[in-house]
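J.: This is the structure, below, for whatever I ask next.
The values are calculated or read from the model by the stated rules, or taken from the named source; none is laboratory data. What you are looking at is a predicted structure, and each value in this text was computed from that prediction instead of being measured. So basically every Cβ, Gly included, is an ideal-geometry build from the backbone, and we count neighbours across all protein chains shown.
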Amino acid sequence: MVKDTADPKLCLVVDDSRVVRKVARRILEDLGFEVAEAGDGAEALAWARTAMPDAILLDWNMPVMNGLEFLRRLRQEPGGTDPRVIFCSVENDLDRIREALDEGASEYIMKPFDGDIVASKLALAGVL
Amino acid sequence: MTPQDRTFVARLCADRAGLTVDPEKAYLLENRLGPVARREGFASVHEFICAVRDRDEERLIWAAVEAMSPAETAFFREPRVFDQIVDEVLPELAMRRAGGTLRLWAAACGTGQEVYSLAMALEEAAPAGVTLEVFASDLCERRLEKAQAGIYSQFEVQRGLSARRLVRHFEGLEDGFVLSPRVRQMVRWRRVNLIEDLSRLGQFDIVLCRNLMGYFLEDARARVTANLERTLAPGGWLVLGSGEQAPAMAGAPGRPGFFSRVASARAAAA
């Protein structure tokens with residue numbers, strides 16, 4: 001568990017829905033993460049250039065820059081292969097999930113999610 | 001439900017399956033028995049329990065007991081255990097049994113997640129040179145039916161199952177996911193009450209029965225553990241939850257929850 005460590009891990013939540021970001025933040029903070037938020041891929045990329053997160057919870061369909069495009073660009077950044085990226089999307093087609101994994105996602109959450117699912121996927125991704 | 005109904009159900013579960021049910025937990029009994037009562041056409045759980053008591057029909061009795069049996073499960077609970085089975089225990093057993101058959105049994109498989117986790121892990125990395133037979137059982141007939149179908153909701157496939165295993169072993173349905181026939185066909189199913197004589201099942205090299213012992217009354221727990229121990233082939237392993245104990249058996253250093261018969265442990269050490 002990350003909880004109660006002196007140096008909490010940083011998780012960036014990237015989603016154009018403020019409600020989803022709020023729910024995810026609450027779950028992640030309960031799990032002991034420090035949480036940052038971005039509303040689209042471009043904003044998330046700017047965040048990552050400032051402070052590379054340990055984990056990224058990433059929506060697929062977003063304005064400006066979608067999740068897949070963000071992931072491709074992130075992996076080109078210095079240190080950009082380090083974060084564990086967990087897609088978090090309403091897309092539940094197995095071909096889309098396969099595509100996300102092939103592009104370098106560590107895990108995949110199908111919305112809607114709850115705390116158990118987020119904890120399970122973070123553990124599978126090796127950040128919890 | 002009346003307090004008398006709850007006490008009756010608790011006694012029934014103890015007598016028939018050795019299960020401990022707290023009659024004070026009214027919400028739990030209502031939640032578990034409500035769907036059964038509706039399915040059987042009763043207007044309330046109280047009416048259902050009256051029928052169970054008055055009619056003395058085995059089908060109704062077991063509908064009540066099965067509903068109260070433990071149902072909590074997930075894919076790859078404590079994934080370390082599956083790694084230890086596939087990477088360490090099976091290769092050891094396979095060396096001893098070269099050319100033969102290894103029999104594995106998930107003794108309380110619930111809706112199938114435990115045994116399918118084992119089957120998926122075996123499908124990915126089975127030891128060479130042996131034939132594997134995988135068996136699964138549960139007390140509850142309805143859970144066995146669901147398990148055999150291999151269909152899981154979006155919520156269920158996200159508890160413990162990695163996305164890589166999801167895309168490798170499942171196909172998408174309109175509402176949920178179905179496990180591939182390749183994995184489903186690895187498993188043979190049977191309804192088993194673990195407090196009864198299990199000798200008809202034969203012997204097994206690995207028996208998985210994790211996180212179940214806490215649901216048994218103390219004397220039933222000892223009986224179930226002894227029953228499971230007797231099903232172990234020489235050199236076989238009983239795998240309990242990592243916090244569970246089998247006091248009459250030998251634990252395995254570095255493998256919490258793994259137990260062997262004392263005679264097997266002595267022979268291995270000699």
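J.: Go through the residues of region B:35-46 one by one and say whether even a single one is among the acidic types (Asp, Glu), under 24 Å from the mean Cα position of the chain (by Cα) and not assigned by TED's automatic domain parsing to the domain that holds B:MET213.
T.: Within region B:35-46, the first condition is being among the acidic types (Asp, Glu), and the residues that meet it are B:40.
Still in the list and also under 24 Å from the mean Cα position of the chain (by Cα): none.
Within region B:35-46, none of the residues are among the acidic types (Asp, Glu), under 24 Å from the mean Cα position of the chain (by Cα) and not assigned by TED's automatic domain parsing to the domain that holds B:MET213.
J.: Would you mention how many residues in region B:1-57 are without any contact (Cβ under 8 Å) to a residue 60 or more places away in the chain and touching a Cys at 6+ places or on another chain (Cβ under 6 Å)?
T.: So the answer is 1.
J.: Failed condition for B:GLY243, given (1) at pLDDT below 95; (2) within 30 Å of B:ILE151 (Cβ to Cβ); (3) away from every other protein chain (no Cβ under 14 Å), with all others met?
T.: In the conditions (1) at pLDDT below 95; (2) within 30 Å of B:ILE151 (Cβ to Cβ); (3) away from every other protein chain (no Cβ under 14 Å), B:GLY243 misses (2) alone.
Here's the yes/no breakdown for (1) aromatic (Phe, Trp, Tyr); (2) within 14 Å of chain A (Cβ to nearest Cβ); (3) buried (at least 22 other Cβ atoms within 10 Å of the Cβ); (4) at negative phi:
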{"site": "B:GLY99", "(1), (2), (3), (4)": "no, no, no, no"}
{"site": "B:TYR116", "(1), (2), (3), (4)": "yes, no, yes, yes"}
{"site": "B:VAL130", "(1), (2), (3), (4)": "no, no, no, yes"}
{"site": "B:ARG142", "(1), (2), (3), (4)": "no, no, no, yes"}
{"site": "B:PHE155", "(1), (2), (3), (4)": "yes, yes, no, yes"}
{"site": "B:GLY176", "(1), (2), (3), (4)": "no, yes, no, no"}
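J.: Let me confirm something: among A:GLU91, A:GLU99, which residue is within 14 Å of chain B (Cβ to nearest Cβ) and part of a loop (DSSP other than H, G, I, E, B)?
T.: Values: A:GLU99 fails: part of a loop (DSSP other than H, G, I, E, B).
Sole residue among the options that is within 14 Å of chain B (Cβ to nearest Cβ) and part of a loop (DSSP other than H, G, I, E, B): A:GLU91.
J.: Might you check whether a residue that is within 14 Å of another protein chain (Cβ to nearest Cβ), touching a strand residue (DSSP E or B) at 6+ places or on another chain (Cβ under 7 Å) and either at positive phi or not in a loop (DSSP other than H, G, I, E, B) (or both) occurs anywhere in region B:189-211? Give the derivation first.
T.: Here is the first cut: in region B:189-211, the residues within 14 Å of another protein chain (Cβ to nearest Cβ) are none.
Looking through region B:189-211, none of the residues is within 14 Å of another protein chain (Cβ to nearest Cβ), touching a strand residue (DSSP E or B) at 6+ places or on another chain (Cβ under 7 Å) and either at positive phi or not in a loop (DSSP other than H, G, I, E, B) (or both).
J.: Looking only at residues that are among the basic types (Lys, Arg) and more than 7 Å from every other protein chain (Cβ to nearest Cβ) in region B:157-172, which one is surrounded by the most Cβ atoms within 10 Å (Cβ to Cβ)?
T.: B:ARG165
J.: Considering each of A:GLY126, A:GLY104 in turn, give the residue that is surrounded by fewer than 18 Cβ atoms within 10 Å (Cβ to Cβ) and either more than 12 Å from chain B (Cβ to nearest Cβ) or touching a helix residue (DSSP H, G or I) at 6+ places or on another chain (Cβ under 7 Å) (or both). Give the steps one after another, and end with the answer.
T.: Values: A:GLY126 fails: either more than 12 Å from chain B (Cβ to nearest Cβ) or touching a helix residue (DSSP H, G or I) at 6+ places or on another chain (Cβ under 7 Å) (or both).
Step by step, each of A:GLY126, A:GLY104 is checked, and only A:GLY104 is surrounded by fewer than 18 Cβ atoms within 10 Å (Cβ to Cβ) and either more than 12 Å from chain B (Cβ to nearest Cβ) or touching a helix residue (DSSP H, G or I) at 6+ places or on another chain (Cβ under 7 Å) (or both).
J.: Now a separate question. Return yes when B:PHE204 is in the same structural domain as B:GLY241 (by TED's automatic domain parsing), touching a residue at least 24 places away in the same chain (Cβ under 8 Å) and within 24 Å of B:PRO234 (Cβ to Cβ) and no when it is not. Break it down stepwise before answering.
T.: Details: in the same structural domain as B:GLY241 (by TED's automatic domain parsing): yes; touching a residue at least 24 places away in the same chain (Cβ under 8 Å): yes; within 24 Å of B:PRO234 (Cβ to Cβ): yes.
So B:PHE204 fits the description; yes.
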